[in-house]
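Working notes, structure below.
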Amino acid sequence: MGAFTEWTYVAIYGAGDSYSYPFHIKAIGALWFLLATFWASIFLRIILAVKGGPGTRITIVLILFIAGYWSRKLFWFPFSIQAGCCATLFLYFGYLLSISKKQIQQLSIEVKAVGTIFALLAWVDFIKNFQSFWLVHCDIGRGVIDIFGCICGCYIIILISWYIEKHTYIFSGILSFFGEYSLFMLCSHITELNTLPWGRVTQKLIIYGMPEYCQIYLIIIGKLSLIIICTIICSRCNKIRKIFGMRPVERKKQYE
């Protein structure tokens, strides 16, 4: 199989990880996230359009999650559809928070404080006792307890985002920029992931005397710096924007 044919097959199959059973499936890499998000968004739209009460919607979300989790043990389907099934649970939780924002804000400070502290502790426990939680192949680690910890983590991040949006204009503007061009960030991440040998470079620095614990921090800083620079450049390039279906950047007219 030629390289072009192989990568065409890989792109169409869209698996986030490599598999050897029941046949060899090569990973597409980080692009699995877009496919999973696509399916999760479609599933959530269908669920919200179904006639019935909250119990019906919750049941369908749980059925999808269980189907994605258990079917991965039998066979990995194309287009990361199983990861999309599991991701629907988290999109549904985000939807519930979005429609409950006003009600949450009306709660007493004491109730919000207790709920936030409890969620934060659950998230910290999830991080401290982390064993595995990889949505890329529907691995939910320790089960319900890790699902709960992950949802609590999402809740804390959303609360922080609400606070930033309300109280820090400049910082919220920066985050909005990168949110708008998150696809550029993903593509930049995939490029550096497959081209730059971060591990080998940092290993050499360790040999020359750099403390080993600094390795992970150096890699994170290097990756983020490169991704941010590439995202800013791509956001200003109209040819790249056109490829991604975005409107061109309007240039300020120069008057003599």
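Quick notes on this structure:
- Filtered residue count, region 82-99, keeping only those that are open to solvent by 40 Å² or more (accessible area, probe 1.4 Å) and either at pLDDT below 85 or within 17 Å of the chain's Cα centre (by Cα) (or both): 3
- Restricting attention to region 120-134, the residues that are loosely packed, with under 14 Cβ neighbours inside 10 Å and under 9 Å from CYS152 (Cβ atoms) add up to 1.
- Test: residue in region 180-202 that is among the aliphatic types (A, V, I, L, M) and in contact with a Ser or Thr (Cβ under 8 Å, 6 or more places away or on another chain): yes
- Single residue of region 149-192 satisfying the filter (open to solvent by 60 Å² or more (accessible area, probe 1.4 Å) and in contact with a helix residue (DSSP H, G or I) (Cβ under 6 Å, 6 or more places away or on another chain)) that is modelled with the lowest pLDDT: GLU165
- Filter result for ASP146 (among the acidic types (Asp, Glu) and surrounded by 16 or more Cβ atoms within 10 Å (Cβ to Cβ)): yes
- Wholly enclosed helices (runs of 4 or more DSSP H) of region 1-81 bearing at least 3 residues closer than 20 Å to LEU135 by Cβ, open to solvent by less than 70 Å² (accessible area, probe 1.4 Å) and touching a helix residue (DSSP H, G or I) at 6+ places or on another chain (Cβ under 6 Å): 32-49, 54-71
The values are calculated or read from the model by the stated rules, or taken from the named source; none is laboratory data. Predicted model only: the values in this text are computed from it and were never measured. Cβ: placed from backbone, ideal geometry, glycine included. Neighbour counts: every protein chain shown. Protein only, heavy atoms only, side chains kept; ligands, DNA and RNA dropped before computing areas. Shrake-Rupley method; radii C 1.70, N 1.55, O 1.52, S 1.80 Å.
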